[in-house]
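Some notes on the structure that comes next.
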2 protein chains.
Amino acid sequence: MMLPTHGHPARVVVFGFATVILVGTVLLMLPVSAENGQLTPWVTAVFTSTSAVCVTGLIVVDTPGHWSTFGEVVIMGLIQAGGLGIMTLASLLGLVVSRRLRLRVQRSAQTETKTLDLGEVRRVVLGVISLSLIMEAATAVVLTMRMVHAYGYSWAHGSYLGVFHAISAFNNAGFALYPDSLMRYATDGWICIPIVVAFVLGGLGFPVLFEIARHLWARGYRRWSLHARITLLGYGMFALAGTVLITGLEWSNPATLGDFGTDGRLLVGMFHGLTPRTAGFNTLDVGEMHPATLLVTDVLMFVGGGSAGTAGGIKVTTFALLAFVILAEARGEPQVHIAGRRISNEVVRQALTVVLVGVALVFLATLVLLMLTPFGLDAVLFESVSAFGTVGLSTGITGELPPLGELLLVVLMFTGRLGPITLASALALRERGRRYDLPEERPIVG
Amino acid sequence: MMLPTHGHPARVVVFGFATVILVGTVLLMLPVSAENGQLTPWVTAVFTSTSAVCVTGLIVVDTPGHWSTFGEVVIMGLIQAGGLGIMTLASLLGLVVSRRLRLRVQRSAQTETKTLDLGEVRRVVLGVISLSLIMEAATAVVLTMRMVHAYGYSWAHGSYLGVFHAISAFNNAGFALYPDSLMRYATDGWICIPIVVAFVLGGLGFPVLFEIARHLWARGYRRWSLHARITLLGYGMFALAGTVLITGLEWSNPATLGDFGTDGRLLVGMFHGLTPRTAGFNTLDVGEMHPATLLVTDVLMFVGGGSAGTAGGIKVTTFALLAFVILAEARGEPQVHIAGRRISNEVVRQALTVVLVGVALVFLATLVLLMLTPFGLDAVLFESVSAFGTVGLSTGITGELPPLGELLLVVLMFTGRLGPITLASALALRERGRRYDLPEERPIVG
Ligand SMILES: [K+]
Ligand SMILES: [K+]
């Protein structure tokens, strides 16, 4: 098996995802997928299929209310396919990029640079699949036990709920089998904490998880890659800041945290500090949050999690690179350095491009949704960022959008899911030298 | 006269502006400045003084209603001082930066690089003052004629109105001597068009105006600088896009453009496509605009006008540089080129820094204002961007902010006015080499 040598490997990713979404759409349209045994309209089906494959979790119909058990299993399969697909393909693209760079440094022929051999591909695919299944199984076991022992579900029903929510959590999909997402479990740490652990680990990304695993099992293995260090530190800082800000802002809001005791507020506040990155379950009514909380959540959703994982957004490393550019500028240094490593100008420009294209997409979607709907900027910006970051949180307007608005979110989920990855790798693979150079001139900045 | 060789020249700018604002605050607090002959509270005075010196135009009290004629003349003087100051100092800083860069290229001693000789300083100061006075005088003459002939003002009163609004327009200050800004003149082209011409020319910036003047008067002078080309093209593109979008979005809004005939809609639409960059007069009720129009206006206000002029914002060149980075990335080129000129990585990073610091400031101010006030994101974001971009447009919430909110806007106007200029020049002057270099490592982007 080889990635194609003709055309761009990023195209394979886009084509593969579109195919899976199409298959999902057809399956979800079937009468057998709906609780009422009728055909589901194609806009609803394509929205739900895209939301599942892109592991977003935005919904235009209530998941347990509209879909039959067959439909729910289809959704679960689409989530699993989307999650495995993105982790595998992003990891492979990462390998292609670093291989290409190594070869370029060695000045080797460029014709082989876009291919990976069978061994490497197999190692990545098996690694992703086994890691995912282990994490999902562990989460499912804990959830099932709790469902059966604390809530009186039968083992069959309890394990179905456990497996579905474990898959939805590890893949950062945010689909739940309750009309209120996970609000009924808001203060149940036995449900919330395994789910948080699953979506945080899934959201760190395969390369970081793989490094953590090597550190845990391979003794004497010491060095952490720059990527892992930035991801872990950046993820942690956003997690802390998000938790503190959101818990603080909602502490006395009677429609959200104000309802709970101190323990409950801390647990639910932590959940809502972490779920925007980009799990998408909610244990509070997001529509009742303060506008300042929505704005903080917007930032957390836009940044998202680690690269080559199940989280969306522009990714922690992309954000961190730009932060280090500003630090370098403040110090007056001609090169950007992070933790004793130099960052090339090409990487900085790629990070900048990913962020600016992301901002432009969210801005355009927000503008169009403002024109199409009666909702204000708070709700519409939140919805756009949630779709772009494949988060799935909503103030509650998703189901009230006109069909054109729903299709716009479909496009946004798809580009938000694949855009940053494929854009970054496409840019990295297109790097090439220029044989001559033009005279330099300096416009005034600021 | 020399700019100081010790410390950073940008400090002089900040200190100078703070001093003028302080003097203005004291003058405006005096009973003689108020219509009712009483002391004005210090928060109101410092807000108005900052708004005038930073040529913003946001107001917490009605200008003709609260201030006496003496107070209005103080405001006019503060606008003139602020406008001349920013044009002069930004132009001088631009010279220092380009001098420093030339010297660095010539590998000369660095000790002289932060000084300018008397001749250069005199040339810039005289150029700025004479250009400003000529533009203001021409605008004042047209406005005065119209005030006297069409609206029956006496020559004394008419010329007072003409001079005040001409100074306010050329300096992009946005202060008007009517409670409704310029809404009463919405469809009067003899008032609106001279004001638009004045604020557009002032907003292009002294370096561009100086080049235009040389092209008009010095025959045989052909080459346009990269800075002038980017500014003129970028300003024009935003002017066109802003006018088309805002006219289109408000066309049928009965509370705004819907009131007027086709000619009126086009004139008022054009005015509101241009006034966000960053004049700040309004001929429509901004509070009645559609949320989508507010969002488009936010972008126009954030970008602003040309460098070293009276417009605020991050500036057209800064925005254009980042757009060309994306273009270079899309083409896979290792260097950024604009119109046959190479742009150094340092300049790209400086532009990036100015934009990201601006985004961070606006975000923080918006977040704090959301926490302090009952207003929604539409209005609060608009207010923050208007203050940062020293625009002066408002949905009408400025006067209803708590004192802490007003002081936050004071800080935002000050940093918005001086931040991009001083930040960019400080960064450019701090550029230095690094004697050794660290190994390169590449985190995953996206
Ligand atoms: K999600
Ligand atoms: K202004």
For this session: Report, by chain and number, residues whose modeled amide H sits under 5 Å from the one on B:Y178, excluding near sequence neighbours (fewer than 5 apart, same chain).
Result: none
Seminar exercise, completed: Carbon plus sulfur, as percent of the 1.4 Å-probe accessible area of the protein assembly as shown, comes to 67
Exercise. If you look at just the Cα atoms of the protein assembly as shown, how large are its Rg and its Dmax in Å?
Worked result: 29.3, 92
Exercise. Distance from the Cα centre of segment B:303-360 to that of segment A:344-403, in angstrom?
Worked result: 23
Exercise. Taking a ≥ b ≥ c as the square roots of the eigenvalues of the Cα gyration tensor of segment B:267-384, is the shape rounded (a/c under 1.5), prolate (a/b larger than b/c) or oblate?
Worked result: prolate
Problem set entry | Expected-Rg normalisation [2.2 N^0.38 Å, Cα atoms] applied to segment A:9-429 | 0.96
Problem set entry | Pair A:M237, B:M145: separation of 7 Å Cα→Cβ label points (nm) | 6.0
For this session: Please list the helices of chain B that count as membrane-span-like by this rule: a mean Kyte-Doolittle hydropathy of at least -1.0 together with Cα atoms stretching 24 Å or more along the helix axis, each helix being a complete DSSP H run.
Result: B:9-29, B:69-105, B:118-151, B:226-250, B:345-372, B:403-430
For this session: Using only Cα atoms, figure out Rg for segment B:119-198 and give it as a multiple of 2.2 N^0.38 Å.
Result: 1.19
For this session: Determine the calculated [θ] at 222 nm for the protein assembly as shown from helices alone, applying -39500 (n - 2.57) to every DSSP H run no shorter than 4 residues and normalising by the residue count; nearest 500 deg cm²/dmol.
Result: -22000 deg cm²/dmol
Problem set entry | Heavy atoms of B:S159: accessible area, 1.4 Å probe, square angstrom to 10 | 40
Exercise. Given the options B:L28, B:L126, B:L216, which has the most mean-square fluctuation in a GNM of chain B, springs set between C-alpha atoms less than 10 angstrom apart?
Worked result: B:L216
For this session: Using only the Cα atoms of segment A:132-250, build the gyration tensor, take square roots of its eigenvalues as a ≥ b ≥ c, and label the shape rounded, prolate or oblate: rounded if a/c is under 1.5, else prolate if a/b is larger than b/c, else oblate.
Result: oblate
Seminar exercise, completed: Given backbone amide H placed at 1.01 Å from N, residues whose amide H is under 5 Å from that of B:V336, ignoring those fewer than 5 places away on the same chain, are B:I343
For this session: With label points built 7 Å along Cα→Cβ from the Cα atoms of B:R184 and A:M371, find their separation and express it in nm.
Result: 3.6
Problem set entry | Top of A:A360, A:A239, A:A173 by mean-square fluctuation, Gaussian network on chain A, Cα under 10 Å | A:A360
Problem set entry | GNM flexibility winner over chain A from A:G127, A:G57, A:G419 (Cα, springs under 10 Å) | A:G127
Seminar exercise, completed: When every protein chain stays in place and a 1.4 Å probe is rolled, B:D298, B:D180 sorted by accessible area with the largest first are B:D180, B:D298
Problem set entry | Computed FRET value (nearest 0.05) for A:V359 with A:D117, which takes r as the C-beta separation and R₀ as 35 Å | 0.35
Seminar exercise, completed: Averaged over all viewing directions, the convex hull of the alpha carbons in segment A:121-160 casts a projected area in nm² of 2.8
Exercise. What are the residues whose amide H is under 5 Å from the amide H of A:A34, where those residues sit 5 or more places off or on another chain and H is modelled from the backbone?
Worked result: A:S68
Exercise. What's the buried accessible area, both sides, between B and A using a 1.4 Å probe, rounded to 100 Å²?
Worked result: 7200
Seminar exercise, completed: By the mean-Cβ-within-10 Å protection proxy, highest first, B:401-412, A:280-291, A:258-269 rank as A:280-291, B:401-412, A:258-269
Seminar exercise, completed: With one decimal in nm and the nearest listed first, the spacings from A:W251 to its own position in the other copies, using label points 7 Å along Cα-to-Cβ, are 5.1
Problem set entry | Spin-label model distance (nm) - B:V23 vs B:L216, 7 Å beyond Cα toward Cβ | 3.1
Exercise. What is the calculated FRET efficiency for B:I193 to B:V43, with r their C-beta to C-beta distance and R₀ = 35 Å, to the nearest 0.05?
Worked result: 0.45
Problem set entry | Label zone at B:L266, where the point sits 7 Å out along the Cα-to-Cβ direction: segment B:174-211 residues whose backbone N lies under 19 Å | B:186-197
Exercise. If contacts are Cα pairs under 8 angstrom and at least 6 residues apart, what is the relative contact order of segment B:9-430 in percent?
Worked result: 18
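The values are calculated or read from the model by the stated rules, or taken from the named source; none is laboratory data. This structure is a prediction, so every number in the text was calculated from the model and none was measured. FYI the Cβ positions are ideal-geometry reconstructions off the backbone, even for glycines, and counts take in every protein chain you see. To get the accessible areas, we keep the full protein, side chains included, count just its heavy atoms, and leave off ligands, DNA and RNA. Shrake-Rupley method; radii C 1.70, N 1.55, O 1.52, S 1.80 Å.
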